[in-house]
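Q: The structure under discussion is supplied below as structure tokens; questions concerning it will follow.
The values are calculated or read from the model by the stated rules, or taken from the named source; none is laboratory data. For clarity, every value in this text was computed on a predicted model and none was experimentally measured. Virtual Cβ from ideal backbone geometry, glycine too; neighbours counted across all protein chains shown.
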Amino acid sequence: MGESSPERLSTPTGAVFLSYASQDAEAAQRICEALRAGGIEVWLDQSELRGGDAWDRQIRERIHDCRLFIALISAHTEARDESYFRREWKLAVDRTHDMLERRAFLLPVAIDATPERGAAVPDKFHEVQWTQLPGGEAPPEFVARVKGLLSPGPRTTARLPAGAASDSSLIPPTTGRLSPLRPAFPMAVAVLVLAALAYVLINKPWISKPTAPPATANAPSSLGAPPGAFSPPPHSIAVLPFVNISGDKEQEYFSDGLTEELLNSLSRINELQVAARTSAFYFKGEHVDLSTIAHKLNVASVLEGSVRRSGHTIRVTAQLNNAVTGFHMWSQTYDRDLGDVLALQVDIANAVAEALKVSVLGDQTARIELGGTRNPTAFDAYLRASNAYRGALDKKGLEDAIAGDTEAIRLDPDYAIAYAHRSIVLQGFALNWAKGDAIHDYEKRAQLDARKAISLAPDLADGHLALAGLLERALEFLGASQEYQRALALAPGSATVLRIYSEFAVLMGQTEASLAAAHRSVVLDPLNYLNYLSLGTSEVHARRSADAILALRHAKALAPNDASVNTWLGLAYYASRDFQSARAACEGGDELNKPICLAVVYDKLGRQSEAKTILSNYQAKWGDDAAVFYAMVYAEWGDTTHALGWLDTAVRRRAPYLELVKVAWGFDQLRNEPRFQAIERELKFP
């Protein structure tokens, strides 16, 4: 990349050619060092002189002789139209025209949040999967992947541990911006507090029903399908949001809701792997070709369609496409009464299964209809409730969702799905808006709804998931574990169930089960930042801070403006004892939780006076309701007396966050204390 000295010219030809903008030299050097440490020859020109015949000749020779061309992509490459690295890119693209394995030759690597879609790169770069290496940090799995690409013979796909910052497709693969919890309810204040000092209850579905991140989130395309040749599971499918063609934008909730119900129906067919809603809806409103979507989600087929509604009559047009061959597989138009929507879901699911050569048994057909309703007005009320809850955690949204579910249940008292949904919404309202005795009242109503849903439809996972959350917060861990296991058995293909179970399991000390579930949730929902956020917190509890940092970087790439991700990333750095990085991240964290984060970080940086002031102000604001977290902070400060005192306060109040006691390393300083050991026994962890 510059006219090199004779010494540089004599460097052996590298198996890898690393192309980068001069502003990205440090990131390029990190990648180069990682590859060379793995025994891979890399040609990296670090000279400042560029241009001239000697330079041009050398570059052509290197690109002609290399076996893998790695192009670093960043904001710097986006901003410069005419640069030497672009000449290198052109030479590499020209070379692919004469190669049979051209897709194995090009490896674009994004080192920041530059998105693949719309990126100013050659078209050939869009034909291959990108890799995301924030800041040029290259994990061992990336090195192994490069070795695989350089090896002769059949290509193999190395599978990364979830959370590794690498070719997203190496992480075989939920959900957008989380609304902050209201300051008036202390119980929810520390939902995203210390990575080792708290628990991500904000990820729980009963607290928030997150939405898909906007397309402007600049999510790296590498967070998708496996790299190299596109080879998704044969019975995998994505259901794109059906287009509302009713001529009324107010009907958008209906077309989206019907799509989600159809997606849920397909996910109940055992042989199908269905991409979760957040990832499938990520592309809504975007003009993205089906092949690109399929590559992002690692699916073999894509179902799309449209919905036209007129009163209680609907027309649904659906078509299925093979994403590998590009061939059209099946299409059909249905004219139905709204009351026949369950039968419509069954018909479409059966048609899709037949087209994919998947056998649908009789009991699976029944599962497609499980917990639903044939009352068109009840169905419409439920879709409105679901849409209201999905939007945000604001008080009105929750109240509208409760009202919608209540109307659906009034119209159909046997509507199990509506009971389960209302249970989850009631729990969210209790945590975020209820005060005093009303908190208990809302949770009691939520438990009645969860148990009613289970009695009406014992094989519906939603009811068991709702009940599990209530039991968990009541510190009834054995009962919660049984309900989570039941939900998992009933919905093994649900990314939400997998994520929530993972968060619970790690707190119970079931680390491997937790991480396995977290990995699977990423497979099913690769564009949902909550999956990476949840994975990162589980990695912290598992004492794997390096993996946690990588997972949280993925979350940040998908949701760069989410302050809670900054908080958790800071706490992961804290766990790794990188206190300066922890400080920088935590200072950009969410307002509710960063005070506790900074209280422990500042203490480690020798800023004890500031740390004490932060904690004092926090205590004045939240009183005894955040006792668990005060105990953790004091434990981290080495003040055992105050730590145990606040822990006793938490026990007296039966604080839900006592579930942290078993594994959170914020309590590690107390584990040899008799009083702490007694508390752990009292909590009766499974």
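Q: Is it fair to say Arg422 is more than 30 Å from Ile679 (Cα to Cα), part of a helix (DSSP H, G or I) and of a type in the set (D, E, K, R)?
A: yes
Q: Is it true that some residue in the range 392-403 is in contact with a Pro (Cβ under 9 Å, 6 or more places away or on another chain), surrounded by 20 or more Cβ atoms within 10 Å (Cβ to Cβ), assigned by TED's automatic domain parsing to the domain that holds Asn270 and not in a helix (DSSP H, G or I)?
A: Among the residues of the range 392-403, not one is in contact with a Pro (Cβ under 9 Å, 6 or more places away or on another chain), surrounded by 20 or more Cβ atoms within 10 Å (Cβ to Cβ), assigned by TED's automatic domain parsing to the domain that holds Asn270 and not in a helix (DSSP H, G or I), which makes the answer no.
Q: Let me ask another. Among the candidates Glu476, Glu472, Glu503, Glu512, single out the residue that is surrounded by fewer than 22 Cβ atoms within 10 Å (Cβ to Cβ), under 17 Å from Leu660 (Cα atoms) and among the acidic types (Asp, Glu).
A: Within the list Glu476, Glu472, Glu503, Glu512, the selection yields Glu476.
Q: Is at least one residue of the range 432-444 in contact with a Pro (Cβ under 9 Å, 6 or more places away or on another chain) and either part of a helix (DSSP H, G or I) or hydrophobic (A, V, I, L, M, F, W, C) (or both)?
A: Checked against the condition, which is being in contact with a Pro (Cβ under 9 Å, 6 or more places away or on another chain) and either part of a helix (DSSP H, G or I) or hydrophobic (A, V, I, L, M, F, W, C) (or both), the range 432-444 yields no hits at all.
Q: Out of all the residues in the range 394-436, which are β-branched (Val, Ile, Thr) and more than 24 Å from the chain's Cα centre (by Cα)?
A: Selection gives Ile402, Thr406, Ile409, Ile417.
Q: Go through (1) crowded, with 24+ Cβ neighbours inside 10 Å; (2) at pLDDT 90 or above; (3) under 26 Å from Lys662 (Cα atoms) for Gly428 and report which single condition fails.
A: (2)
Q: Residues in the range 273-288: is at least one touching a His at 6+ places or on another chain (Cβ under 9 Å) and surrounded by 22 or more Cβ atoms within 10 Å (Cβ to Cβ)?
A: no
Q: I'd like to check something: does the range 244-261 contain any residue that is among the basic types (Lys, Arg) and closer than 23 Å to Ala495 by Cβ?
A: Scanning the range 244-261, I find no residue that is among the basic types (Lys, Arg) and closer than 23 Å to Ala495 by Cβ, so the answer is no.
Q: Pick from the range 622-648 the residues that are of a type in the set (Val, Ile, Thr) and over 19 Å from Leu598 (Cβ atoms): which of them is surrounded by the fewest Cβ atoms within 10 Å (Cβ to Cβ)?
A: Thr641
Q: Considering only residues that are among the hydroxyl-bearing types (Ser, Thr, Tyr) and more than 17 Å from Ala280 (Cα to Cα), which ones fall in the range 303-349?
A: Within the range 303-349, Ser310, Thr313, Thr317, Thr325, Ser331, Thr333, Tyr334 qualify.
Q: Could you say which residue among Ala351, Ala366, Ala343 is modelled with pLDDT of 85 or more and of a type in the set (A, V, I, L, M)?
A: The conditions single out Ala351.
Q: While we're on this one: Do we find that Gln427 is closer than 30 Å to Tyr282 by Cβ, assigned to a helix (DSSP H, G or I) and in contact with a helix residue (DSSP H, G or I) (Cβ under 8 Å, 6 or more places away or on another chain) in this structure?
A: So Gln427 fits the description; yes.
Q: Looking at Thr333 and the list (1) polar (S, T, N, Q); (2) part of a loop (DSSP other than H, G, I, E, B); (3) modelled with pLDDT of 90 or more, which single condition is not satisfied?
A: With respect to (1) polar (S, T, N, Q); (2) part of a loop (DSSP other than H, G, I, E, B); (3) modelled with pLDDT of 90 or more, Thr333 is out only on (2).
Conditions (1) on the phi > 0 side of the Ramachandran plot; (2) modelled with pLDDT of 80 or more; (3) touching a strand residue (DSSP E or B) at 6+ places or on another chain (Cβ under 8 Å); (4) surrounded by 13 or more Cβ atoms within 10 Å (Cβ to Cβ), marked per residue:
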position: Gln23; (1), (2), (3), (4): no, yes, no, yes
position: Cys32; (1), (2), (3), (4): no, yes, yes, yes
position: Ser47; (1), (2), (3), (4): no, no, no, no
position: Trp55; (1), (2), (3), (4): no, no, no, yes
position: Gln58; (1), (2), (3), (4): no, no, no, yes
position: Ile63; (1), (2), (3), (4): no, yes, yes, yes
position: Asp81; (1), (2), (3), (4): no, no, no, no
position: Phe85; (1), (2), (3), (4): no, yes, yes, yes
position: Trp89; (1), (2), (3), (4): no, yes, yes, yes
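Q: Moving to a separate point now. Could you grab me the full set of residues in the range 661-678 that are in a helix (DSSP H, G or I) and in contact with an Asp or Glu (Cβ under 8 Å, 6 or more places away or on another chain)?
A: Gly666, Gln669, Arg675, listed by residue number.
Q: Additional query: How many of the residues in the range 323-345 are among the aliphatic types (A, V, I, L, M) and buried (at least 19 other Cβ atoms within 10 Å of the Cβ)?
A: 4
Q: Next question, about the same structure. Restricting to the range 233-272, name every residue that is crowded, with 22+ Cβ neighbours inside 10 Å and in contact with a Pro (Cβ under 8 Å, 6 or more places away or on another chain).
A: Scanning the range 233-272 gives Ser255, Thr259.
Q: Consider the range 649-686. How many of its residues are more than 28 Å from the chain's Cα centre (by Cα), within 21 Å of Tyr618 (Cβ to Cβ), surrounded by 14 or more Cβ atoms within 10 Å (Cβ to Cβ) and not small (Gly, Ala, Ser)?
A: Number of matching residues: 5.
Q: Go through the range 593-621 residue by residue and tally those that are surrounded by fewer than 24 Cβ atoms within 10 Å (Cβ to Cβ) and not in a helix (DSSP H, G or I).
A: 3
Q: Going through the range 289-317 one residue at a time, which ones are part of a loop (DSSP other than H, G, I, E, B) and buried (at least 24 other Cβ atoms within 10 Å of the Cβ)?
A: Asn298, Val299
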